[in-house]
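The values are calculated or read from the model by the stated rules, or taken from the named source; none is laboratory data. Fair warning: this is a prediction, and the values are worked out from it, not measured in the lab. Note: ideal-geometry Cβ built from the backbone for every residue, glycine included; neighbour counts use all protein chains shown.
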Amino acid sequence: AAPLVVARSTALAAKNGLLIRRRASFEGARKLQSVVFDKTGTLTEGKFGITDIVLEKGFKEEDVLRLVGSLESQSEHPIARGIVENATERGINLKSPDEFDSITGKGLKGTVEGEDIKVVSPGYMQEQDISYQSEKFEKLSKQGKTVVFVLIDNKLSAMIALADKIRESAKRAIHELKQMNVQPMMLTGDNKQVANWVASQLMLKNVYAEVLPHEKADKIKEIKQNGLKVAMTGDGVNDAPALANADLGIAIGAGTDVAMESADVVLVKSNPNDVVSIIALSKSTYRKMI
Ligand code: ADP
Ligand code: MG
């Protein structure tokens, strides 16, 4: 394509909230065969609200929320933001933890008010062989809710369920990609039931759940090795390596700086359907090229 045509296309794209950071990757977008989406914050809004708190005997809701909220105040994860917002709305006074550290892809741990606090995924619970009310957990998960577990001094004190909203535009994106013969997939660190619930709402068949951050990057590599031209779309710090590995890395504008720095294209409007626009624009821009 003539340089002028390309310049015009990238300007038009920018006007519509599609920031093309690497032109070579944008050119290749017309040949994409698969688009992988992160779930939280990408297909969904990434705005969690607490829906249920299931307490173990001897624990008070307010104490649990204060300890957990204080710990989560140090994390940028959408789950953390949801918990902190909820605790604050209830007028609970959060403190800074004395110590905190992430448990990569599985949660957060630290010390608050001299107590050892952990907020962790179901995967962590299974791995550590800590038992919980699995029927309640299954019921909440099947409703598409993300459940995290609160451990105080390694003892289960509560299960917190949080709900996120699926982006309306995600439904259309999945539908249109299929129409273009581009295979949509989902890659998430969240548990299988939640992932399957979201996927069923979106009529999306290819789902990989309980994927750790480094495994996201490996999965993209694997898809490439199978000979598919693949795009990765994500918002989080833990999506950055996968974005960098993909033929086209697409960051959601409302996401983290790290994701945006690793991306070839940034979707300023945080609209997953703009992935379709990028592919269409790449096709029309480079149509006449061999
Ligand atoms: P995603 O692919 O949905 O962005 P992550 O890899 O960030 O998933 O997280 C995977 C899981 O680890 C979450 O579903 C949650 O169970 C747990 N987790 C991660 N960070 C936190 C946190 N700050 N607080 C509580 N749980 C967390
Ligand atoms: Mg995410």
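Here are some notes:
- Those residues of segment 113-150 which are aliphatic (A, V, I, L, M), out of contact with any Asp or Glu (no Cβ under 8 Å at 6 or more places or on another chain) and within 23 Å of S75 (Cα to Cα), in sequence order: I117, V120, M125, V147, V148, V150
- Yes/no for A24 being part of a helix (DSSP H, G or I), without any contact (Cβ under 8 Å) to a residue 40 or more places away in the chain and closer than 30 Å to S141 by Cα: no
- When each of V194, V265, V276 is tested for being buried (at least 24 other Cβ atoms within 10 Å of the Cβ) and more than 15 Å from ligand 2 (Cβ to nearest atom), the lone residue that passes is V265.
- Which listed residue, of K39, K47, K57, K95, is within 19 Å of the chain's Cα centre (by Cα), surrounded by fewer than 20 Cβ atoms within 10 Å (Cβ to Cβ) and not hydroxyl-bearing (S, T, Y): K47
- Applying the criterion of at least 1 residues that are assigned by TED's automatic domain parsing to the domain that holds S277 and charged (D, E, K, R) to the helices (runs of 4 or more DSSP H) found wholly in segment 87-190 leaves 168-179.
- Number of positions in segment 60-69 that are buried (at least 19 other Cβ atoms within 10 Å of the Cβ) and either of a type outside the set (K, R) or not in a helix (DSSP H, G or I) (or both): 5
- The lone criterion from (1) over 17 Å from P272 (Cβ atoms); (2) within 16 Å of ligand 2 (Cβ to nearest atom); (3) surrounded by 19 or more Cβ atoms within 10 Å (Cβ to Cβ) left unmet by A173 is number (1).
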